[in-house]
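The values are calculated or read from the model by the stated rules, or taken from the named source; none is laboratory data. Just so it is clear, the model here is predicted, and its values are computed rather than measured. Here the Cβ positions follow ideal geometry from the backbone for every residue, glycine too, while neighbour counts run over all protein chains shown.
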Amino acid sequence: MSPELNELYVRLADGQRHNGAELADDLGISRAAVWKRIESLRRIGLPVSGTAGNGYRIAHPIELLDANVIRQHLAKPSIQVEVIGAVDSTNARLATNTPVHGRALVAEAQKAGRGRRGRQWLSPPGGIYLSLGWHFESGLAGLSPLSLVVGMAAARTLREAGAETVGVKWPNDLVIDNAKLGGCLVEVNGAAEGPCQAVIGIGINLQLPESAAVDQPWTCLSRHADGFSRNRLVAGLIDNLARDLPELDASGFDAFAGQWHRCDVLDGRKVHVAMAGGEDFVGLAKGIDAQGRLLVDHNGRIQALGSGEVSVRGR
Ligand code: BTN
């Protein structure tokens, strides 16, 4: 978001009605220029209603991101936190830093948010779009359960914020009652046996407009929790990850595998599995194995599925 657009965004974030002429005076620009900026904000997904004549407003106030507030709430202040306006993708932007370890990037909005399996992640202003860079000594081979550890850490943070019924749909969709509340995109670079760098992205819907064009059932945190703070949530996500990632690196997945069943929303359910190779089948989900692979009973035979190989839908 350009500084000019940000000036207007910051004013509208309070959720009050703002008169076009007053905004123009305040910002030292014409009413037509205000309207143009309003259109730019609408293009990145800010649901601004109204006109220059009757004033502009957004449906719900947005708590603006503030790196200082996030830092104040961090139990681990060694993480570097950067807040930006609208960026294409926090994962893509963070990956341009070297080293990425211990850096967190959080954006007001994303213009080309990336989801898993090449999908788009709808990222209007006001949600959580966080990426954290991490260095692992364990090679790629040992990091296959990383996605699950990230999902569990995110779910714990959401429960701490009041969304008590949040669960994880393998490997790391954050869901409530079958509706998607958030998701995680973990991108790892490195050698099979040597050190690796991961960029861990988490997106959470806080207040999506009803009209949001999402191709699956979705929900947002405002429907399930009251009085949460966007900045505190970001701090909570960073803290929970900064606690769990070193443990995964040093001791492996064992300690986490035992917690999975508490948040596993697929366990015992019929699932539709679409293999990357094209083959589809329906089976019964049976938890995970010691490497975090999904176990599915298909006609009495248990298959262990890696997250890169399949897409799973609960039925
Ligand atoms: C999914 O498809 O479930 C994963 C969504 C991950 C979205 C987050 S938002 C922050 C980070 N930056 C991105 O471009 N994607 C991830």
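From the list Leu46, Leu27, which residue is buried (at least 19 other Cβ atoms within 10 Å of the Cβ) and in the same structural domain as Ala13 (by TED's automatic domain parsing)?
Going through Leu46, Leu27 in turn, the sole match is Leu46.
What number of residues in the stretch 28-55 are more than 21 Å from Leu206 (Cβ to Cβ) and in contact with a strand residue (DSSP E or B) (Cβ under 7 Å, 6 or more places away or on another chain)?
Counting residues in the stretch 28-55 that are more than 21 Å from Leu206 (Cβ to Cβ) and in contact with a strand residue (DSSP E or B) (Cβ under 7 Å, 6 or more places away or on another chain) gives 3.
Kindly provide the set of residues from the stretch 159-198 that are touching a Phe, Trp or Tyr at 6+ places or on another chain (Cβ under 9 Å) and either among the β-branched types (Val, Ile, Thr) or outside any strand (DSSP E or B) (or both), ordered by number.
Those that are touching a Phe, Trp or Tyr at 6+ places or on another chain (Cβ under 9 Å) and either among the β-branched types (Val, Ile, Thr) or outside any strand (DSSP E or B) (or both): Ala161, Gly162, Ala163, Val168, Trp170, Val188, Pro195.
Which members of the stretch 229-239 meet the condition of being in a helix (DSSP H, G or I) and either in contact with a strand residue (DSSP E or B) (Cβ under 7 Å, 6 or more places away or on another chain) or surrounded by fewer than 20 Cβ atoms within 10 Å (Cβ to Cβ) (or both)?
If the condition is that a residue be in a helix (DSSP H, G or I) and either in contact with a strand residue (DSSP E or B) (Cβ under 7 Å, 6 or more places away or on another chain) or surrounded by fewer than 20 Cβ atoms within 10 Å (Cβ to Cβ) (or both), then Arg230, Arg232, Leu233, Val234, Leu237, Ile238, Asp239 are the ones that fit.
Please go through the stretch 131-151 and give me each residue that is assigned to a helix (DSSP H, G or I) and more than 13 Å from the chain's Cα centre (by Cα), ordered by number.
Hits for the stretch 131-151 are Leu140, Ala141, Gly142, Leu143, Leu146, Leu148, Val149.
I'm checking my understanding of the structure. Among residues of the stretch 37-96 that are more than 21 Å from the chain's Cα centre (by Cα) and of a type in the set (Gly, Ala, Ser), which one is nearest to Arg232 (Cα to Cα)?
My answer is Ser78.
Just one of Gly190, Gly151, Gly133 is crowded, with 18+ Cβ neighbours inside 10 Å and more than 24 Å from Val69 (Cβ to Cβ); which is it?
Of the residues listed, the single one that is crowded, with 18+ Cβ neighbours inside 10 Å and more than 24 Å from Val69 (Cβ to Cβ) is Gly151.
When you look at Pro195, is it in contact with an Asp or Glu (Cβ under 7 Å, 6 or more places away or on another chain) and within 21 Å of Pro99 (Cβ to Cβ), yes or no?
yes
Only one of these is away from the ligand (no atom under 13 Å from the Cβ), surrounded by 14 or more Cβ atoms within 10 Å (Cβ to Cβ), outside any loop (DSSP other than H, G, I, E, B) and basic (Lys, Arg): Arg71, Arg93. Name it.
Result of the check over Arg71, Arg93: Arg71.
Can you tell me which condition Gly201 does not meet? The list is (1) within 18 Å of the chain's Cα centre (by Cα); (2) assigned to a strand (DSSP E or B); (3) farther than 30 Å from Ile58 by Cα; (4) modelled with pLDDT of 95 or more, and all the others hold.
(3)
Report yes if Arg71 is in the same structural domain as Arg232 (by TED's automatic domain parsing), at negative phi and touching a strand residue (DSSP E or B) at 6+ places or on another chain (Cβ under 6 Å), otherwise no.
Spelling it out, Arg71 is indeed in the same structural domain as Arg232 (by TED's automatic domain parsing), at negative phi and touching a strand residue (DSSP E or B) at 6+ places or on another chain (Cβ under 6 Å).
Within the stretch 164-183, is there a residue that is of a type in the set (Asp, Glu), crowded, with 17+ Cβ neighbours inside 10 Å and within 10 Å of the ligand (Cβ to nearest atom)?
For the stretch 164-183, residues of a type in the set (Asp, Glu), crowded, with 17+ Cβ neighbours inside 10 Å and within 10 Å of the ligand (Cβ to nearest atom): present.
Kindly list the number of the only condition in (1) within 8 Å of the ligand (Cβ to nearest atom); (2) within 16 Å of His135 (Cβ to Cβ) that fails for Ser78.
Going through (1) within 8 Å of the ligand (Cβ to nearest atom); (2) within 16 Å of His135 (Cβ to Cβ) one by one, Ser78 breaks only (1).
Go through the stretch 49-65 and give me each residue that's exposed (fewer than 15 other Cβ atoms within 10 Å of the Cβ) and either among the charged types (D, E, K, R) or not in a loop (DSSP other than H, G, I, E, B) (or both).
Matches in the stretch 49-65: Ser49, Thr51.
Exactly one of (1) surrounded by fewer than 17 Cβ atoms within 10 Å (Cβ to Cβ); (2) more than 10 Å from the ligand (Cβ to nearest atom); (3) hydrophobic (A, V, I, L, M, F, W, C) is unmet by Ala112. Its number?
Unmet condition: (2).
Residue under question is Val81, and the condition is that it be assigned by TED's automatic domain parsing to the domain that holds Ala109, β-branched (Val, Ile, Thr) and in contact (Cβ under 8 Å) with a residue 12 or more places away in the chain; does it hold?
yes
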